[in-house]
Amino acid sequence: MNSRVQDMSDPFLSPIFDEADPSRAVLGVIGLGYVGLPLAAAFALRGRRVIGYDLNAERVARIRAGIDETGEVARVDLQRALDCGLVPTADPDKLAEARIIMVCVPTPITRDRRPDLGPLLAACAILGPRLARGKVVIFESTVYPGVTEDVCGPALAEASGLVVGQDILLGYSPERVNPGDKAHRVETMVKVVAGQGEAVTRALGQLYGELNGDQIHYAPSIQVAEAAKAIENAQRDINIAFVNEVALICERIGLSVHDVLDAARTKWNFLDFKPGLVGGHCIGVDPYYLSYLSQSIGHEPDVILAGRRLNDHMADEVADRIAFRFREVSQPVRRPSALVLGAAFKEDVPDLRNSRTPQLVRRLCRHGFQVEVHDPWFDPKDLARAQDLTATAWPGKAFDLVVIAVGHRAFLERSPEALLALVSPGGMIADPKGLYRNVRWSSPVNYWTL
């Protein structure tokens, strides 16, 4: 990591990054989601005036009231940020006040699994008319190498009438937020920064260094920083795919993959990944940005796509194994009832994007189960509408099958007896992640795990 750089002698940059006068270094953040809001709040808590813009006027109103429904910013911290200089708004003209604007919008994929740059281009179209000479635009969204300068740059130039690299400057600092993770925050993690030229890169390091105690890595180019972000999530996806495949192999020969991993992780250089359903808006999406670039330059990304294929189908594989085991151990039931616990894409976050629960439910339905879903983070009516399934509050009845799909803390804090009460006599608990594999049940129950 590089130490803080104090030399800001570039005459173009010095008025932009003037830390002595925060009013002359107003920041803008486009997109107040799980990335943008924590970033905006962190800067505001350090005395910066921050214009936080989001298209969703209802979300802006909730933020103004001190409420972040994503749970990423605690209410007390959000209120302090509002008091210190955070200005949430749905009015794009407010962005004209900012000298440095950070773009934190989603980068999803299309139905045919190609990069969808629509949100980025929309942000550029909104921001462009509010730019003026001497401003810097920093992108934090995950992209493939080249997007910031070759796609976003021209889009900003067209929308603003300014010359990128001369009138306005670009930077890139990829977000590394892990939703629900209270340990790895923007204030504690290393930030990778890169800009159009050495001076901009160093200036970005100085800016972000205010937040994380100068834990800065200076990438030699914007494309290097873009590529680093792209491979971070692709690497994790591949590692999880490997463990998922091992889990399927172990299950077929009657071994618990969790027992196998307990033994394997005693080796000092074993990579400790766990099997599971890979969803969300990062790991299940970002590898397709890298694979798209690879195919566009004539290289077939076999390993990346193999990992994606396996993880994309893991919910079907798990449902098939559950159904097979259920018919082995349970009494014949014409239309067995099933309860799936957990609908979010990961533990302890109120986020349904790219969740694998609907896929799991559909597959169980194909096996003849009548399935209901419960997730404590969502109102049943909202959940049913969002995922097109039958949702319920914590039920007061028993089911032939209970599947623990997401290990929410709210589930784990309940006693094993509370879980057991959900299972009909002769029924089965399916626990793919092995969360309850060491529990001694107070009464006999069929239990399955990978």
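The values are calculated or read from the model by the stated rules, or taken from the named source; none is laboratory data. Please read these numbers as outputs of a predicted model, since none were measured by experiment. Glycine also receives a Cβ, built like all others from the backbone with ideal geometry; neighbour counts cover every protein chain displayed.
On the given criteria, is Ala430 surrounded by fewer than 18 Cβ atoms within 10 Å (Cβ to Cβ) and modelled with pLDDT of 95 or more?
On the way: surrounded by fewer than 18 Cβ atoms within 10 Å (Cβ to Cβ): no; modelled with pLDDT of 95 or more: yes.
In short, no.
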Check your understanding: Would the stretch 392-399 turn up any residue that is within 13 Å of Val340 (Cβ to Cβ), assigned by TED's automatic domain parsing to the domain that holds Gln359, out of contact with any Ser or Thr (no Cβ under 7 Å at 6 or more places or on another chain) and crowded, with 19+ Cβ neighbours inside 10 Å?
Key -> no
Exercise for review: Just give me the residues in the stretch 121-155 being under 21 Å from Gln166 (Cβ atoms), in contact (Cβ under 8 Å) with a residue 40 or more places away in the chain and in contact with an Asp or Glu (Cβ under 8 Å, 6 or more places away or on another chain), in sequence order.
Suggested key: Gly134, Gly146, Val147, Thr148
Check your understanding: Could you count how many residues in the stretch 319-334 are of a type outside the set (Gly, Ala, Ser) and under 38 Å from the mean Cα position of the chain (by Cα)?
Key -> 9
Revision key, fill the gap. The residue that is surrounded by the most Cβ atoms within 10 Å (Cβ to Cβ), considering only those in the stretch 170-185 that are out of contact with any Leu (no Cβ under 9 Å at 6 or more places or on another chain) and among the small types (Gly, Ala, Ser), is Gly180
**Study point:** Enumeration of residues in the stretch 117-165 that are charged (D, E, K, R), assigned to a loop (DSSP other than H, G, I, E, B) and modelled with pLDDT of 95 or more
**Key:** Glu140
Point to revise | One residue from Val224, Val260 being in a helix (DSSP H, G or I), in contact with a Cys (Cβ under 8 Å, 6 or more places away or on another chain), of a type in the set (A, V, I, L, M, F, W, C) and in contact (Cβ under 8 Å) with a residue 12 or more places away in the chain | key: Val260
**Study point:** Which numbered condition Lys397 fails, given (1) within 32 Å of the chain's Cα centre (by Cα); (2) modelled with pLDDT of 95 or more; (3) of a type outside the set (Phe, Trp, Tyr); (4) in a loop (DSSP other than H, G, I, E, B)
**Key:** (1)
Review point. Of the residues Arg46, Arg24, Arg99, Arg111, which single one is in contact with a Cys (Cβ under 9 Å, 6 or more places away or on another chain), modelled with pLDDT under 95 and of a type outside the set (A, V, I, L, M)?
Key: Arg46
Point to revise | Counted residues, the stretch 404-427 - those being buried (at least 18 other Cβ atoms within 10 Å of the Cβ) and assigned to a loop (DSSP other than H, G, I, E, B) | key: 5
Check your understanding: Of the residues that sit in the stretch 358-376 and are closer than 16 Å to Asp312 by Cβ and not aliphatic (A, V, I, L, M), which one is surrounded by the fewest Cβ atoms within 10 Å (Cβ to Cβ)?
Key -> Arg362
Check your understanding: Which residues, taken from the stretch 23-68, are farther than 18 Å from Val136 by Cβ, surrounded by 24 or more Cβ atoms within 10 Å (Cβ to Cβ) and in contact with a Phe, Trp or Tyr (Cβ under 9 Å, 6 or more places away or on another chain)?
Key -> Leu32
